[in-house]
Structures are given as C-alpha cells and as structure tokens.
Amino acid sequence: MEFSKLFTHCPACGSAQFIQNNEKSKRCRACNFVFYMNASAAVAGFILNEAGELLVCKRGKEPEKGTWDLPGGFVDGNESAEEAMAREICEELQVKAVEVNYLFSLPNLYEYSGLTVPTLDMFFACKLENTNNIMAADDVEECFFMPLNEINPELFGLKSIKKAVALFLKNPNHQRGISKT
C-alpha cells in the first residue's frame, strides 16, 4: 500500500488533517509538518568464484521468500553504500568482502509490512576474502554458485534484482567488475 493511503494521521501532532501535498509528500493542515516518502538506499552484490560462477542466494524471509536473490540489503544512516554492501556480505554470508566496486543502479518498489517503499538499488561487483567458507545467515536460507549460462533471471523474486541479473549477464564488463559509466 502507498504511504499516502496507509498513513492517515500526522506523525508530529496526531491530527487527522494529514493531506496529500504532492506525489511524494503529505502535509498536516494543523501543524504544517511535511512528510516526504523519498527512496531508501539499498545494495546488492554480484560475487563470482574462481570458476566464474555467480553466487545466488535463496530468500529466507518475505518479501518473495523462497525465490533467488543476491546478497544485499538496506543502507544504514551512518554508512556509505560500499560499507553497507560489505556489512551485508558479512551478515548474510559470514565472510569478508575485500573489494566492492559500483556497477549501476535501478529504481525499485519494495513491499514490506503492508507498505510500498520506493528504493534506489545500487549494484556492486564484490570480491570475497574466501569463497570456500560461505555460510548462509541472517535472511538468506541458502546460497550456491551457478554457471552464468545456467542462470534464469526470472527465478529472482525482486523486480530490480531480476532486471539487474539480466543486465549483468548481458554485459561482460559488469562480470569483470567494471562500471558501465
């Protein structure tokens, strides 16, 4: 559900006079508080092993539980996107990232707790300290490496991840960790 329909009262004063201000904000007629629903920053990583296979994760939680995914998550307020990517790798895979290189970004809509959250998903080519000791943790149910020619983007659940995997597979520069820009 869109935030404009889900939030009916002002979070500052509690008034029911919380009206649509523009396409991405609401304003309170009582206290003039304005709330903007801007995109949240998120990250996801492409990790290749020495055989050139892509690390694929299986989502252990909603949304899209049970579908394929890439390691990643939301950026915390006190970190850069690169730091968030390294943290997410550590949390979800129990290994250390030694290199995190930006590739591209895509907009997305992320459904969570009944709210549609706009996100800006940033994708990275990542190198790990060791690809032999990966263990699924946090919200990753399992993870495995797959040859690139066997990967079907349609098996990835989140729309931006699905699109990003298709872009990654089409562009050899991404597979070498080189930005398209």
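Throughout, read-outs are computed from the coordinates displayed, never taken from laboratory work. Because the structure is a prediction, the values reported are computed rather than measured. Reconstructed Cβ throughout: ideal geometry from the backbone, glycine too, with neighbour counts over all protein chains shown.
With the chain treated as a Gaussian network of Cα nodes joined by springs under 10 Å, which of 110, 102, 36 yields the largest mean-square fluctuation?
It is 36.
Hey, fewest Cβ within 10 Å first, where do 93, 6 land in order? Intermediate results must be reported in sequence, preceding the final value.
Values: 93 25, 6 11.
With the fewest neighbours first, 93, 6 line up as 6, 93.
I need the phi-derived Karplus couplings for segment 98-105: 6.51 cos²θ - 1.76 cosθ + 1.60, θ = phi - 60°, integer Hz, Gly and Pro marked x.
9, 8, 9, 10, 4, 10, 6, 9
Can you give the FRET efficiency to the nearest 0.05 for residue 149 and residue 19, using r as the Cβ-Cβ distance and R₀ = 35 Å?
After rounding, the FRET efficiency stands at 0.10.
Find the Rg to Rh ratio for the chain, where Rh is the Kirkwood radius over alpha-carbon pairs and Rg uses the same atoms.
Working: Rg = 18.6 Å, Rh = 17.6 Å.
Rg divided by Rh gives 1.06.
At most 12 other Cβ atoms within 10 Å and a DSSP loop assignment: could you name the GluC sites (Glu not before Pro) in segment 81-137 that fit? Spell out each step's value before the answer.
Details: sites: 82, 83, 88, 91, 92, 99, 111, 129; in loops: 129.
Qualifying residues, ordered by number: 129.
Across the chain, where is the longest run that never hits trypsin sites (Lys or Arg not before Pro) in a DSSP loop with at most 16 other C-beta atoms within 10 Å? Write down the numbers at each step before the final one.
Details: sites that count: 24, 29, 61, 65, 96, 176, 180.
Formally, the longest exposed-site-free interval is 97-175.
What angle, in degrees between 0 and 90 and rounded to the nearest 10, separates the Cα long axis of helix 81-93 from the longest principal axis of the Cα atoms of the chain?
That works out to roughly 70 degrees.
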